[in-house]
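One structure is given here, and the rest of the page talks about it.
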Amino acid sequence: MVYITEDMVRRRAEHNECEIFSLEEVSLHQQDIERIEHIGRWCRDLRILYLQNNLIPRIENLGRLKKLEYLNLALNNIEVIENLGGCESLQKLDLTVNFVGRLSSVESLQHNIHLTELFLVGNPCTEFEGYRQYVVASLPQLKFLDGTEISRSERIQASQGLEEVKRKVWEEEREYLKRRAREKEEARREAAREEKGNKERKPASARSFTVNLNSLHLFCRCSPGSEENKENQEVEESNMKPDRDDEQREREFWHTPCSFTPESRLEAHRHLEEKKKAKEKEKEKKPRAPRTLITADGRVMNVNEPKLDFSLTEDGDNNTIVLDLAVYRHMDTSLIDVDVQPSYARVSVKGKIFQMVLPAEVKPDSSTAQRSQTTGHLVLTMPRAEGEIKGTKAVTRQPRGCQTRNTSSSEDNRRKNNAPQRLEVDPSQHAAIDLANIVPKHQRTKQGPLETSRTAPPPPPPAGASSSSQGFVDDPDVPPLI
């Protein structure tokens, strides 16, 4: 049995910062609630209350909600309309697909003077002769019944033959209540028989265990093709009977026709709950093997447990790798955990692992993770790590005069492309430049400026050499010009 707890209400009050004393709207649908309680004391300012698709059999504990305007109790087990006189501001009441058979209980809504809309579609009372006329005449404040507007002429006609309509409705109501009493008694007897059968029935696990031992014993004793082997086959077939019996009972449960009553709805709910618990126990007995993220030899695996869309791109301009993960838009960021390593990125989304091997080594310390406020996507920006500069082939530099234009242009292109290059230099093969020996020795003389004019002119320079100006004197004490 599910009860309304404070934690349940707070979790449904996220839009009000989890405060329940000032809550004006709360939705408690599809919670398998079987009783209305505490809401009238915790949420005094409540205006809208959703309780549809539960197992509530009775309307109660709502009289303190003076500001309540809309109450939705569709798809429940309610049989009588009651205890709503204290909801002074009630304007809309939805009781679609319930079990309201006492149509006279509609008169309890006469004190709700602001009630304008009422829904009773799918209830047994709608099959009564004169149902709509009775409700329209009993509740003059109504403007819409089952989604259809009540016209002025319809209201006048409903008030004219009201006494005759009331008499017919009361007769059908008494017949319905007698039928409901018989259905309750049959349901009680059926529940007692079912409980007795469960106690007498031997557990299937023990029976199957005994049969397995017998079949093993026969298998050891018998040879193929013998009569005893046939008996062994019969025993093995009997071992499958428990599973077949369960399937047969399951098929009979859902295909056996039954009346649509609160008891049958509860029985179906209990049956589904038992099946759910049985599956959970089987999962607990067989624990799931942990997901392999990194193999024993150190190889990183690509894993996408949350089954999210993603894109992995490389930004050459910024020298980064960008991972765009399509995380659920309305999921809280606290449920996401990011771990970036040099060779892979791992993201945990609600406990499920997403892992992606990166195409290049990245810097984890410089990586950033951002969440889009519009799409909710998680974007990881991971800068590339600066790899080791690899050595290239040794390049011998030619003399400046022998360099061609193609060589200079290739050098310029290489400089423009910023290609990393490391030159290997062997100091044993190269010596420092000797500045004193740049000028040949035969050109050096110790003559002074006066002697130079008396002597014969120097021989003409060889072809290709630069000619000196007239009156040039080579002084050995003066270092040569570079």
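Would you mind calculating the gained length between HIS255 and LYS363 on full extension (0.36 nm times residue separation, minus the Cα-Cα distance), in nm to one decimal?
32.6 nm
So which GluC sites (Glu not before Pro) in the range 1-78 end up in coil per DSSP with only 11 or fewer other C-beta atoms within 10 Å?
Values: sites: GLU6, GLU14, GLU17, GLU19, GLU24, GLU25, GLU34, GLU37, GLU60, GLU69; in loops: GLU17, GLU19, GLU24, GLU34, GLU37, GLU60, GLU69.
Sites meeting the loop and neighbour criteria: GLU17, GLU19.
Under 14 Å from the Cβ of THR381, count the other residues' Cβ atoms, weight Lys and Arg +1, Asp and Glu -1, and hand me the total.
Result for the local shell: -2.
If you plug each phi of the range 82-99 into the Karplus form 6.51 cos²θ - 1.76 cosθ + 1.60 with θ = phi - 60°, what whole-Hz ³J(HN,Hα) values come out, in order, with x for Gly and Pro?
Whole-Hz 3J(HN,Hα) from phi for the range 82-99: 7, 6, 10, x, x, 7, 5, 9, 5, 10, 9, 10, 10, 10, 5, 6, 10, 10.
Near ASN53, within a Cβ-to-Cβ distance under 14 Å, what is the net charge of the other residues, with Lys and Arg +1 and Asp and Glu -1?
-2
If you rank ASP246, ASP324 by fewest surrounding Cβ atoms within 10 Å, what's the result?
In order of increasing Cβ crowding within 10 Å: ASP246, ASP324.
R0 = 60 Å: FRET efficiency of GLU175 with ILE48, Cβ-based, nearest 0.05?
So, using R0 = 60 Å, E works out to roughly 0.95.
Ratio of Rg to Rh for the range 303-383, alpha carbon only, Kirkwood?
Checking Rg against Rh, the ratio lands at 0.94.
Which of the trypsin sites (Lys or Arg not before Pro) across the range 346-386 are loop residues per DSSP, with 14 or fewer other Cβ within 10 Å?
Passing sites in the range 346-386 are LYS350.
Kindly write out, for the range 364-371 in residue order, the coupling ³J(HN,Hα) from the Karplus curve 6.51 cos²θ - 1.76 cosθ + 1.60 (θ = phi - 60°), rounded to whole Hz, with x marking Gly and Pro.
x, 5, 9, 6, 10, 10, 10, 10
Determine by what factor the alpha-carbon radius of gyration of the range 248-331 differs from 2.2 N^0.38 Å, reporting the quotient.
Values: Rg = 24.3 Å, N = 84, 2.2 N^0.38 = 11.8 Å.
Rg over 2.2 N^0.38 Å, computed on Cα atoms: 2.05.
Just flag the trypsin sites (Lys or Arg not before Pro) in the range 254-335 sitting in loop per DSSP whose Cβ has no more than 13 other Cβ atoms within 10 Å.
Filter output for the range 254-335: ARG288, ARG291, ARG299, LYS307, ARG329.
How big, in percent, is the set of alpha carbon pairs in the range 1-77 lying more than 19 Å apart? Walk me through the numbers before you get to the answer.
Working: 787 of 2926 pairs.
It works out to 27 percent of all Cα pairs.
If you restrict to DSSP beta bridges whose two residues both lie in the range 6-176, what percentage is antiparallel, to the nearest 5? Write out the running numbers ahead of the final one.
Details: 2 of 16 bridges.
Restricted to the range 6-176, the bridges split so that about 10 percent are antiparallel.
Below 14 angstrom from the Cβ of TRP170, what's the summed charge of the other residues (Lys, Arg +1; Asp, Glu -1)?
-2
Quick note: the coordinates plus some simple rules give every number you see, no bench work behind them. Everything numeric here is computed off the predicted structure, so don't read it as measured data. Every residue, glycine as well, gets a Cβ built from its backbone with ideal geometry; the counts of neighbours run over all protein chains shown.
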